[in-house]
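Below: one structure, written as structure tokens.
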Amino acid sequence: MFSGIASTPELDRQGDMVDPAGVTFRNPLPLLFHHDMRQPIGTVVLTKTPAGILFEATLPALEELGALKTRVDEAWHSVKAGVITGVSIGHRILKDGVEYLSNGTRRLTKTEICEVSLVTIPANAQASILLVKSLAAPRRLETAMAKQTTAEHITALENKRAALAARMADIMATAAADETTLNDELAKEYDEIELKVKSIDADLCRWRDLEQVQIKSATPVSAAVAVARTALPVISVKANVPLGTAFVRHACALLQCHGNRHEAAEYAKRWDDSTPEVALALKAAIAPGTVTDATWAGPLVNQNIANDFIALLRPATILGKIPNLRMVPFNTKVPTQTAGGTYGWVGEAKPKPVTKLAFSSTSLGIAKAAGIIVITEELVRLSNPSAEDLVRADMIAGIAQFLDAQFIDPAVAAVAGTNPASITNGAPTAAATANPLADIMSLINHFATNNISVSGVTFIMSAANALALSFQTFTDGSPKFPGIGIDGGSYKGLNFITSQAAAANVIALQPSLVLYADDGQVSIDASREASLQMDSAPDSPVAATTVMVSLWQANCVGLRAERFVNWQKANANAVKYLTAAAYPAPTEAPEAP
């Protein structure tokens, strides 16, 4: 005989959590070898507790040679030698027995255990053999699990008693069916179980008396302590699909079902094996929108799904690449220092200068960046993963291109209540030279001259200029700017970011002096019937000459993406840029030194 833990409510390696309260079984259950129903090796008796499911397994002692003896001997030797230490339950999920948590984890609330198996690697990391009775002194199995409360002890004993009582009833039912008295073996088993039941009844009386004593002497636990004791780490297990897939599938399921969320939820079940959170999000209730809530469209998408898309979008935008921007909330005044104090040397018994600091405050209002991406109906159907990639790439490219241009285009001025000015709008500027090192130093000197730290200064330039820098070498063939490539990089502790929105400009900024507000999500709306002007700068207002395209007639779908984001320089000298930069590259690759 041996015993241990068959299951716990912890997250298993398959991404499921089995709730012990919803587990059913009928003792005794078969004990299998590696979940192979053709290889039974014994029986198990389960006991349900709030902390998990305990088991006691029995292997038959066989004298007769044969396949069964060989199989049982192999299992027993593996257990004794410690080669196999894990167990696993074979279960089926009952009706309405699955609950999806916010992180995508499945919580199995109603299950039936059909068998228990010896396995090398259990799905539940805590499911294991804890006691082999022929090798160790008997001890209470419950002590191997988390320390139980008095109420949990009582529940465990009650469950164990119920299992034993059920076995007693089965034994007597066997005799009644055969209309005979019990044979010696069954009579002995019945008597042994009866003694165990009497012992449990005595223990239950003691535990219940102790519970009453504890209740009378108990003191209230503060809410903070209660939360601290019950707080558990959340472990997220996700399918191996590209980031943002759930977001794209969510949007396209709504499109395919013409906005009907119930039909879209059924349509999304085809992805339950990889992105079950899509169907779950489509079933969720939607709060009504208000004009004062900046994130009113957020419920269109599950928060976790939106986070995936944001995480994918950020590396594609300049905003996502710049480290250490000063994050601030919307509509909150932020103090900024405009002048420093006056300091100087003071001689003995001389008066010290009186100084003061100058401050101002600013706040970032709610600003919305939006764009419409048009795709064909064929892509919406998502017939294969490559179609998903196209939709995802199109959405990312459209939003990223717009935000990048708005962030660094000097021509973008602030419009009250609509959009912020670009960080280069009104910033000091100068013409670039053919010497990139001299240009870099001139920008660095700008910050030093204005008493702004140069630590963390970031440069933004086009991919062509960055590539030209990577090609520049010394006479021995070594690179002049190691660490810089077509995707940017770092050089001498300075950050370099590439974006086609930079065009011929080279922009230098101190991120800590750029205020940045972002609500962290993208909302998506869609239409098949709208008519659009297919232009990145549509007429406003629409003129008689404006050419409109019907999405319905063109068999297309418009995805309107919106993101609430805002930025502002906290210091007028936080940014400087050079114009007309076209750095030369060698006409041919240098020879190796």
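Coordinate-derived values only; no laboratory data. This one's a predicted model, so the numbers in the text were calculated from it and none came from an experiment. Please note: Cβ atoms are built from the backbone with ideal geometry, for glycine as well, and neighbour counts cover all protein chains shown.
Run the simple label-point estimate for ASN451 and ASP184 please: 7 Å along Cα→C-beta, distance reported in nm.
10.3
Which whole-Hz ³J(HN,Hα) couplings does region 461-477 yield from phi under the Karplus relation 6.51 cos²θ - 1.76 cosθ + 1.60, θ = phi - 60°, glycine and proline marked x?
8, 6, 5, 5, 5, 5, 5, 4, 5, 5, 7, 6, 9, 7, 4, 8, x
Taking 0.36 nm per residue of sequence separation and subtracting the Cα-Cα distance, how much length would be gained by fully extending the chain between THR475 and ASP535, in nm to one decimal?
Net length gain for the segment: 16.7 nm.
Place the peptides 530-540, 75-85 in order of packing, highest mean first, counting for every residue the other Cβ atoms within 10 Å and averaging per peptide.
Output ranking for 530-540, 75-85: 75-85, 530-540.
Pull up all non-local amide H partners of ALA125: gap of 5 or more, or a different chain, and H-to-H distance under 5 Å with H placed in the peptide plane.
The answer is ARG13.
Separation between the MET168 and ILE193 pseudo-spin-labels, each 7 Å from Cα along Cα→Cβ, expressed in nm?
Here the modelled spin labels are 0.9 nm apart.
Work out the P(r) tail for region 458-558: percent of alpha carbon pairs separated by more than 18 Å, whole number. Please report the intermediate quantities before stating the final value.
On the way: 3437 of 5050 pairs.
Tail fraction, whole percent: 68.
Can you compute the modelled spin-label distance between ASN331 and GLU263, with each label point 7 Å from Cα toward Cβ, in nm?
It works out to 3.8 nm between the two label points.
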